[in-house]
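To keep things clear, I will list the structure first and then write my remarks on it.
The values are calculated or read from the model by the stated rules, or taken from the named source; none is laboratory data. The shown structure was predicted, so the numbers you read here are calculated from the model rather than taken from an experiment. Note: ideal-geometry Cβ built from the backbone for every residue, glycine included; neighbour counts use all protein chains shown.
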Amino acid sequence: MSLTRRSLLCGGASFLAMAQELKPVAPAVDHLLIGVSDLDRGIDWVEKRTGVRAAVGGVHPGAGTRNALLSLGPGHYLEIIAPDPAQSGVKDDRHLRELANPRLITFAITTQDIDAIAARARKARLTVTGPHDGSRRLPSGKVLRWRTLAIPNDLGSGAVQPVPFFIQWEPDSTHPSVDSPSGCTLESLLLEHEDPPRLNLVFEALGFDVDVSARSDVRIVATLKSPKGPVELS
């Protein structure tokens, strides 16, 4: 898909008018995803940098992955996601097995009205996938449920996808930031991309403001406050 300035004009609305509605992206982050080929290695890697050891969360049936979580303050958390050896036949859509080292691969934005986000994206002529229902069974046996919406695009590189997906948690599901190991908080989020204006257009169409710096490859950079001081993850 080619995302152009013309294709992102929403029903003739100017981007000057849209800019007045833009929300900063960092406070809207639901969770960051650290991708890794082996979950235990990812847990050790994050603990070495932050001083907090993530707790194993569970598996994603049918998706071929499992995870571990740590809280980044109320409403935010870090998810370490890796292939699930028990689901070896599932396609590796996130390219996790290709990651020689853990890295920040994408993030999710929280919403209370995922259908409105889908409508806004379609009005901006963005491709939309979902909303889809998701679930994960906790070690306690309790099941978390949510809905997600993706914006397929060609702005990513390898495992790194700088355009976020959206998540709406079911009312009876406890947000992972509440019961995951604590001690870290999300301080800031910025993106690096070879074509910052093009990436910014997508965020503007979705209603968000984000800092994008020019770089030859694609990176998502999050700064955390941790027991070991400021930590940059990318």
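So the values come out like this:
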read-out	value
Tally of residues being of a type in the set (D, E, K, R), in contact with a helix residue (DSSP H, G or I) (Cβ under 9 Å, 6 or more places away or on another chain) and within 26 Å of residue 121 (Cβ to Cβ) across the stretch 181-214	3
Residue satisfying condition, being touching a residue at least 60 places away in the same chain (Cβ under 8 Å), surrounded by fewer than 19 Cβ atoms within 10 Å (Cβ to Cβ), among the charged types (D, E, K, R) and farther than 30 Å from residue 84 by Cα, within set 154, 209, 217	209
First in the stretch 166-192 and surrounded by fewer than 18 Cβ atoms within 10 Å (Cβ to Cβ) and in a loop (DSSP other than H, G, I, E, B), second anywhere and at pLDDT 95 or above and of a type outside the set (Gly, Ala, Ser), Cβ under 6 Å, 6 or more apart	181/52; 181/70; 183/52; 183/227
Residues of the stretch 180-210 satisfying the condition of being under 16 Å from the mean Cα position of the chain (by Cα) and among the charged types (D, E, K, R)	187, 192, 209
Residue list for the stretch 81-106, filter: under 16 Å from residue 158 (Cβ atoms), out of contact with any Gly (no Cβ under 9 Å at 6 or more places or on another chain) and of a type outside the set (Lys, Arg)	100, 101
Test for residue 145: is it part of a loop (DSSP other than H, G, I, E, B) and touching a Ser or Thr at 6+ places or on another chain (Cβ under 8 Å)	no
Unique match (being of a type outside the set (Asp, Glu) and over 29 Å from residue 22 (Cα atoms)) among 135, 71	135
Close pairs from the stretch 108-121: first within 23 Å of residue 220 (Cα to Cα), partner assigned to a loop (DSSP other than H, G, I, E, B) and hydrophobic (A, V, I, L, M, F, W, C), Cβ under 8 Å, at least 6 apart	121/128; 121/151
Inter-residue pairs, beta-carbon under 9 Å, first closer than 17 Å to residue 232 by Cβ and in the stretch 40-55, second surrounded by fewer than 19 Cβ atoms within 10 Å (Cβ to Cβ) and at pLDDT below 95, 6+ apart	45/101
Leading residue by the ranking (farthest from residue 199 (Cα to Cα)) among those in the stretch 220-232 that are touching a residue at least 60 places away in the same chain (Cβ under 8 Å) and among the β-branched types (Val, Ile, Thr)	231
Filter result for residue 234 (within 15 Å of the chain's Cα centre (by Cα) and loosely packed, with under 14 Cβ neighbours inside 10 Å)	yes
Residue in the stretch 158-214 that is farthest from residue 112 (Cα to Cα), counting only those that are in contact with a Phe, Trp or Tyr (Cβ under 8 Å, 6 or more places away or on another chain) and among the polar types (S, T, N, Q)	180
Residues that are part of a helix (DSSP H, G or I) and either among the aromatic types (Phe, Trp, Tyr) or more than 18 Å from the chain's Cα centre (by Cα) (or both), drawn from the stretch 116-133	116, 119, 120, 122, 123
Residues within the stretch 133-153 that are closer than 24 Å to residue 36 by Cβ and not β-branched (Val, Ile, Thr), tallied	11
